[in-house]
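Just below is one structure, and these are the notes that go with it.
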Amino acid sequence: APSMRALHSLIERVAASDISVLLLGETGVGKEMIAAEIHKKSTRADKPYIPLNCSALTETLLESELFGYERGAFTGANTAKQGLLETANGGVLFLDEIGELPLSTQVKLLRVLDERRVTRVGGIASKPIDVRIVSATNRDVDAEVIRGTFRSDLLYRLNAMTVQVPPLRERHAEIEPLTRHFINHFATRMNKEVPI
């Protein structure tokens, strides 16, 4: 479809740079696949690609996953743990459902993006990091900023480039090839003969 050819051309250009990218689109349009494609085509392709769904964890767990924690930072923290920001060092951290990020975590992430340093939960010393952030949401983040549920300064850091992913209903030419792909995929997976 012309809209997808234009999108893939944009992905090629975006991948070649090192800027933060915000992917916008409805649930199920393939934002995570596009984030992985940006990583694969970037100069960071040989470095880690770490995806994190921001809506899948509680605020406390999300902070521990993102920033890591030091031994004794909280009950059950028997050893120190490196966070995903450290794990993705040199590579790409994909923050899916960024619109679900709690305000307190937004403040901490903003500081990391500004300083390019991360401090683990319960830690004192910060560590330098070099991470490209690709994020995605199906929310209207501009409306979230107006409502006060998303920080405008964080949005500014995350959307150096915004990529709008069109829904399948606007890409009619792709319906048949995608249908064939999934039929073949599931037939092979289930040891069934591919129907004609």
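The values are calculated or read from the model by the stated rules, or taken from the named source; none is laboratory data. Computed from a predicted model, the values in this text were never measured in an experiment. Heads up, the Cβs are rebuilt from the backbone with ideal geometry, glycines too, and the neighbour counts pull from every protein chain shown. Each accessible area value is taken on the protein alone, full model and side chains, heavy atoms only, with ligands, DNA and RNA left out. Shrake-Rupley method; radii C 1.70, N 1.55, O 1.52, S 1.80 Å.
Note on segment 83-130: dipole from Cβ charges, positive end direction compared against PRO128, SER104, LEU84; the farthest Cα belongs to PRO128. Springs between alpha-carbon atoms under 10 Å, Gaussian network over the chain: tell me which of VAL163, VAL145, VAL118 tops the mean-square fluctuations. Among VAL163, VAL145, VAL118, the largest mean-square fluctuation in the Gaussian network model of the chain belongs to VAL145. Of all beta bridges that DSSP places with both ends in the chain, some 20 percent have antiparallel geometry.
Per residue, the convex hull spanned by the alpha carbons of segment 78-194 comes to 181 Å³. Surface listing: ASP153, ASP140 arranged by accessible area from highest to lowest gives ASP140, ASP153, probe 1.4 Å.
In this structure LEU103 has an accessible area near 80 Å², from a 1.4 Å probe over the protein heavy atoms. Legend: calculated FRET efficiency, ALA77 to SER104, from the Cβ-Cβ distance at R0 = 25 Å, rounded to 0.05, equals 0.85.
The label-point distance for PHE186 and SER9, in a model that sets each label 7 Å from Cα toward Cβ, rounds to 3.5 nm. All other residues whose Cβ lies under 12 angstrom from that of ASN184 are scored, Lys and Arg at +1 and Asp and Glu at -1, for a net of +2.
Temperature 10 °C, viscosity 1.306 mPa s: under these conditions the Stokes-Einstein estimate for segment 1-116, based on its Kirkwood radius over C-alpha pairs, is 102 µm² per second. With Cβ to Cβ distances under 15 Å as the rule, what net charge do the other residues near VAL145 carry (K, R +1; D, E -1)? So the surrounding residues net to -1.
Number of Lys-Lys pairs in the chain with C-alpha atoms under 21 Å apart and a separation of 8 or more places or on different chains: 8.
At an R0 of 25 angstrom, the distance between the Cβ atoms of ILE146 and ALA56 translates into a FRET efficiency of 0.45. Cα centroids of segment 74-118 and segment 143-196: 25 Å apart.
Heavy-atom surface analysis with a 1.4 Å probe gives the chain a carbon and sulfur content of 54 percent of its accessible area. Mean residue ellipticity at 222 nm, helices only, the chain: -12000 deg cm²/dmol; runs of at least 4 DSSP H residues each add -39,500 (n - 2.57), and the sum is divided by the number of residues.
Under the convention that each Lys and Arg Cβ holds +1 and each Asp and Glu Cβ holds -1, the size of the dipole of the chain around its Cα centre is about 400 debye. If you wrap the tightest convex hull around every Cα atom of the chain and split its volume per residue, you get 151 Å³. Computed from Cα atoms alone, the Kirkwood hydrodynamic radius reported for segment 73-122 is 12.5 Å.
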